[in-house]
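One structure below.
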Amino acid sequence: MRILMISDVYFPRVNGVSTSIQTFAHELQRQGHSVTLIAPDYGEKTDDGLDVIRVPSRRVIIDPEDRMMRMDWVLERVELLARCEYDLIHIQTPFVAHYLGLKLARLLGLPVVETYHTYFEEYLYNYVPWLPKALLRFVARRFSTSQCNSVDRVVVPSAPIEQALQRYGVKTEIDIVPTGLDLERFEAGNGGLFREAHGIDKNRPLALYVGRMAQEKNIAFLLSAMKQAIADMPELLFVMAGEGPAEHWAWRWVEKEGLANNVLFVGYMDRASTLLDCYRAADLFVFASRTETQGLVLLESMALGTPVVSTAVLGTRTVLVDGHGVLIAKEDVVDFSAKVVTLLHDHSRRICLSDAGMEYVKQWSSTVMAQRISAIYDGLWSAGFDVETLSASVLLESETD
């Protein structure tokens, strides 16, 4: 099957959506499918073996990491896309990509699937905090319902997201398919190299966070909890790997709290090399996001043998099982920091959690998850589809873009 994916984000923009697209696309290719991705041009060349059509784009004011694609540039090339004889369109994000995907589905006569990656109900307030949170939740629910009801099938990474969409009033059939892990990739990594590169003593206790430096990741709470852990264990080093809109705030907070010798910011790291070293170097991984639809970094950490201390909220609640590579903590500074310090003092327990985590993640294989996506694609074709059932209001709205 020839699949045309469309997304508002992809590498070099690092986030969970980019990782999910890459993981599924490569696995689908290994299983015999052809995958092409339409994504923004960031002005940097990347080559990961995926066929990517880079679209001229402009910066997004409220989030300078992202780009807004030119829909007209793609539509001018519809005849070229038609020659590729795609079988299906898979939309990955809800902005330009969504409306472009719907229009291409109509013009090319194709069924369309959309993955709902982001829990916007709890996400938007971090980017437009001057508007009432209740209003933003209402807008997010209406926006999500309209978009999900305009496609032939919706994919979500976890049951809580399926339940949320059904509460909103989504009538389109929903399938739960988490992003899997390419477990072979997580056999690499050298923690000693990371510690040596950053001048970290091999015996210094090290806690790690990997992810966007953004308030929706609940990093304010995480920093407060780690401040308490450092007070109880002054030699502790907290490494934060990632970049984002809250990065400068985090730097200032660390300086203000006098924690510069205990918190190390290392930015984005190469996922195929230095990031694996970083995971391996850590004694434990910490996480407290409230908005995750799945929480891939948690599984990545376990796959590399690094035990986790995390809250279990929304999507992470379905991923995490207490004792299977993780200690689940409350979103409470005292409880969270106590679990961090207790685990850092207990080497044998960390080993047990590490072994349990590596065994647990085997069920999250990318091969299995891609097979489930492939079955959804096949099911759409075997059941038949009608392009005219696409939401007329959404299509008319997109005509004005």
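All of the numbers you see were taken from the coordinates with simple rules; none came from a lab. Keep in mind that what you see is a predicted model, and the values were worked out from it rather than measured. All Cβ positions, even for glycine, are placed from backbone atoms using ideal geometry, and neighbour counts span all protein chains on display.
For W253, W73, which order do you get if you count the other beta carbons within 10 Å of each Cβ and list the fewest first?
W73, W253
Roughly what would the spin-label model give for R58 and T172, points 7 Å off Cα along C-beta, in nm?
Taking the simple label geometry, R58 and T172 are separated by 2.8 nm.
What does the net charge come to around L275 if you take all other residues with beta carbon closer than 12 Å to its beta carbon, with K and R at +1 and D and E at -1?
0
Quick one: what are the phi-derived ³J(HN,Hα) couplings along the range 354-360, Karplus 6.51/-1.76/1.60 with θ = phi - 60°, whole Hz, x for glycine and proline?
After applying 6.51 cos²θ - 1.76 cosθ + 1.60, I find 4, 4, 5, x, 5, 6, 4 Hz.
Sort out for me the Cα centre separation of the range 99-141 from the range 151-181, rounded to whole Å.
About 13 Å separates the Cα centre of the range 99-141 from the one of the range 151-181.
Treat each spin label as a single point 7 Å out from the Cα along the C-beta direction, and report the K256 to L183 distance in nm.
4.6 nm
Among A207, L304, S289, flag the residue with its Cα farthest along the positive direction of the charge dipole of the range 183-363, charges on Cβ as +1 for Lys/Arg and -1 for Asp/Glu.
About the Cα centre, the residue reaching furthest to the positive side is S289.
Hey, rough spin-label estimate for R77 and F265, points 7 angstrom out along Cα→Cβ, what's it come to in nanometres?
Spacing of the two 7 Å Cα→Cβ label points: 3.6 nm.
Using +1 on the beta carbon of Lys and Arg, -1 on that of Asp and Glu, and nothing else charged, what's the dipole of the chain about the Cα centre, debye to 20?
Charge dipole, the chain, about its Cα centre: 540 debye, nearest 20.
With just the Cα atoms defining each centre, how far is the range 191-233 from the range 306-357? Give it in Å.
Comparing the Cα centres of the range 191-233 and the range 306-357, I get a distance of 15 Å.
Give me, ordered by chain and number, the residues 5 or more places off A312 or on other chains with an amide H under 5 Å from its own placed amide H.
For A312, the qualifying residues are A329.
Are there any GluC sites (Glu not before Pro) in the range 210-264 that are in a DSSP loop and have at most 14 other Cβ atoms within 10 Å? List them by number.
E235, E257
Each residue of the range 246-261 in order: what ³J(HN,Hα) in whole Hz does its phi give by Karplus 6.51 cos²θ - 1.76 cosθ + 1.60, θ = phi - 60°, with x for Gly and Pro?
9, 4, 5, 4, 5, 4, 5, 4, 4, 5, 4, 7, x, 10, 4, 7
Mind counting lysine pairs for me in the chain? Cα separation below 28 Å, and the two need to be 8 or more apart along the chain or on different chains.
So the count works out to 21.
Just want the ordering: K330, K217, K45, from fewest to most Cβ atoms lying within 10 Å of their own Cβ.
Lowest to highest Cβ neighbour count: K45, K330, K217.
Within the range 1-43, list the residues whose amide N lies under 13 Å from a label point set 7 Å along Cα→Cβ of C84.
Once the point is set 7 Å along Cα→Cβ of C84, 2-7, 34-40 turn out to lie under 13 Å by backbone N, inside the range 1-43.
As I understand it, the value is the acute angle between the Cα axis of helix 366-383 and the longest principal axis of the Cα atoms of the chain; what does it come to in degrees, rounded to 10?
So the helix axis and the longest Cα principal axis differ by about 20 degrees.
Near the amide H of V326, under 5 Å away, which other amide H atoms are found, from residues 5 or more places off or on another chain, if H is placed in the peptide plane?
Excluding prolines and chain starts, which carry no amide H, the hits are V308.
Please list, in order along the range 316-330, the HN-Hα scalar couplings obtained from phi with the Karplus expression 6.51 cos²θ - 1.76 cosθ + 1.60 (θ = phi - 60°), rounded to whole Hz, x for Gly and Pro.
3J(HN,Hα) across the range 316-330, in whole Hz: 5, 5, 8, 8, 8, 10, 3, x, 9, x, 8, 9, 7, 10, 6.
Can you sort T274, T115 so the residue with the fewest Cβ neighbours within 10 Å comes first?
In order of increasing Cβ crowding within 10 Å: T274, T115.
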